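To start, the structure itself, in structure tokens.
The values are calculated or read from the model by the stated rules, or taken from the named source; none is laboratory data. Everything quoted here is computed from the prediction, not taken from an experiment. Don't worry about glycine lacking a Cβ; one is built from the backbone with ideal geometry, like all the others, and counts go over all protein chains shown. What goes into the accessible areas is simple: the full protein's heavy atoms, side chains included, and nothing from ligands, DNA or RNA. Shrake-Rupley method; radii C 1.70, N 1.55, O 1.52, S 1.80 Å.
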Amino acid sequence: MSFSPQLVYFLDRLSGFSTNVFRLEPQGSPNSGPSSITRITLPSNALLNTRSFKLHFLATLDADKSVGGRLPADISTLVERVEISAGGVQLSQGTNFYNTLVNAKAALMGSRCDSVTGHSEMVRANMYDGSTLATANGTDEVYQGPGTPHVIDKWEGFLGTCEPRILDASILPDLVVSIYWAPNNVLASCKGSTSSALFTAVPDGDTGAAEYKISNIHASIETVALADSVYDNMVAGMIASKGFVEIPFKQYFAFHNTHTGSSRFTVATQSLDRLWMAWRLSSYNTENQAPHAVPGYSTAAGSFAAGTATSPTDAEINTLIGNLSDYGGVHGTGATEKYITEYQRFKEPNGTGAELKYQLQLNGAMYPQYMAGTEDMYQITKNSLPGPVKYGLTKEQLSDSYFVQCVRLNMPDSEMTRQLSGLDTRSVSLNGYVNTTGTLASDPNLMIFAECSSSLRVGAGRQLEIII
């Protein structure tokens, strides 16, 4: 007879457990820049907490070329691709447009970037009352100072999803993480930072596009130690009895399209779990673009009448604060401003005329079984996310800045139980299409990400097999 865990008194004990954190230096130079690669080797013969891998660096802007330059909101946008290899064998080849995937997920589920080391927001140099931000809060973060320490501590792909999360590196060849840095088009350039109008305008004249530099690169990771060899013997026993141990992880394949009514993609995988569709303007990757103001937040000029900025009256304060939010402070806008780069902006591809409708075609099967409008696709998206949707989002914000769609093709929450339930397209490669009807904007860009559950099989003698 068994009882629910809520009715049973029990406590598990694990003796001889210890943990520590190691600093990891990159191969070669600790400095990097746009369109370059940084490689870091993980500790060998250790139990690694893969979720604890953190990349530390200083991000600065080139003082000679970056007048008005700004780093993007969420410093992960500086990463173009993340690749994991073991002994020279690619475990996770990563996906180009890694930063687009991160921002697409954040558009629907909220950002996982913190404000201490993650550069979670783009800020102006002046507050709404006209006062200047202190150097420690503003200048080093966004201008050409010595650099503010930044950390990327959340990862998509192998590092953020492999199970078990405590990975026994002793059964694998040396693990190497390769970070491909993004080109300069992920940055923004503003004319000035004393008002929203200047902040969302491009610099005058022949000012060059912003360029960034990366310095003092290193990483850290938590390792775990156990007092006896029970775990090692258990893993060895599993390999001896089954021939291998299997490590599932998420892998993403990206497809880049100029959408003209139908966009094709193809993927062969053991478990196709989700499809993510991120829509952008055709000019999303143009350099030297100004920050974009998210609708609903403040676009106030940011100063009081002449002579009153240092000691405004109560009436002036109430008037200005009352006008700061286009939504009157609701939907989480408050008395704040919010800016993103054009690279991070996801815009509904509708032109003038009838409303757009969307439908997927997967090897001849239609999903959904009708041409779905924007609201229908949003409800399908909410039902497809691997976590809660970002609440407080308005339809205007969704259409203007966060237009991302998601379709789930596996069992709900199957990832939580290490269960493969998505579409198996290995025998017959999936030919998929994203179809729309209605009037499109001029040459919209569509990024399609195929989210798959892959497996790493590790056998005796550190033999590896990857099942995509």
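Tabulated values for the structure
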item: Close pairs from the range 219-240: first without any contact (Cβ under 8 Å) to a residue 40 or more places away in the chain, partner in a strand (DSSP E or B) and surrounded by 11 or more Cβ atoms within 10 Å (Cβ to Cβ), Cβ under 7 Å, at least 6 apart; result: M238/V245
item: Some residue of the range 1-13 being of a type outside the set (D, E, K, R), out of contact with any Asp or Glu (no Cβ under 8 Å at 6 or more places or on another chain) and closer than 24 Å to A169 by Cα; result: no
item: Entirely in the range 398-468, the strands (runs of 3 or more DSSP E) that have 1 or more residues that are open to solvent by 60 Å² or more (accessible area, probe 1.4 Å) and either among the small types (G, A, S) or touching an Asp or Glu at 6+ places or on another chain (Cβ under 7 Å) (or both); result: 445-458
item: Residues located in the range 232-249, provided they are loosely packed, with under 15 Cβ neighbours inside 10 Å and in a strand (DSSP E or B); result: E246
item: Within the range 332-372, considering residues that are of a type in the set (D, E, K, R) and within 15 Å of T437 (Cα to Cα), the one modelled with the lowest pLDDT; result: E355
item: Strands (runs of 3 or more DSSP E) enclosed by the range 157-231 - at least 1 residues per element that are among the hydrophobic types (A, V, I, L, M, F, W, C) and open to solvent by 40 Å² or more (accessible area, probe 1.4 Å); result: 166-168, 212-225
item: Residue satisfying all of: in the range 371-397; surrounded by fewer than 13 Cβ atoms within 10 Å (Cβ to Cβ) and under 14 Å from K105 (Cβ atoms); farthest from the chain's Cα centre (by Cα) among these; result: K382
item: Scope the range 250-265; condition part of a strand (DSSP E or B) and over 20 Å from N99 (Cβ atoms); matching residues; result: S262, S263, R264
item: Subset of the range 81-94 [open to solvent by 10 Å² or more (accessible area, probe 1.4 Å) and out of contact with any helix residue (DSSP H, G or I) (no Cβ under 6 Å at 6 or more places or on another chain)]; result: E83, S85, G87, G88, V89, Q90, Q93, G94
item: Answer from S35, S18 - the residue that is over 19 Å from W155 (Cα atoms), loosely packed, with under 14 Cβ neighbours inside 10 Å and either within 20 Å of the chain's Cα centre (by Cα) or at pLDDT 95 or above (or both); result: S35
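One line per residue, one yes/no per condition, for (1) over 21 Å from L42 (Cβ atoms); (2) at pLDDT below 95; (3) in a helix (DSSP H, G or I); (4) in contact with a helix residue (DSSP H, G or I) (Cβ under 6 Å, 6 or more places away or on another chain):
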site: P72; (1), (2), (3), (4): yes, yes, no, yes
site: T77; (1), (2), (3), (4): yes, no, yes, yes
site: T100; (1), (2), (3), (4): yes, no, yes, no
site: A106; (1), (2), (3), (4): yes, no, yes, no
site: R112; (1), (2), (3), (4): yes, yes, no, no
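A quick yes/no check of all residues on (1) over 30 Å from R457 (Cα atoms); (2) open to solvent by less than 20 Å² (accessible area, probe 1.4 Å); (3) among the small types (G, A, S):
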| site | (1), (2), (3) |
| --- | --- |
| L7 | yes, no, no |
| L14 | no, no, no |
| P43 | no, no, no |
| V79 | no, yes, no |
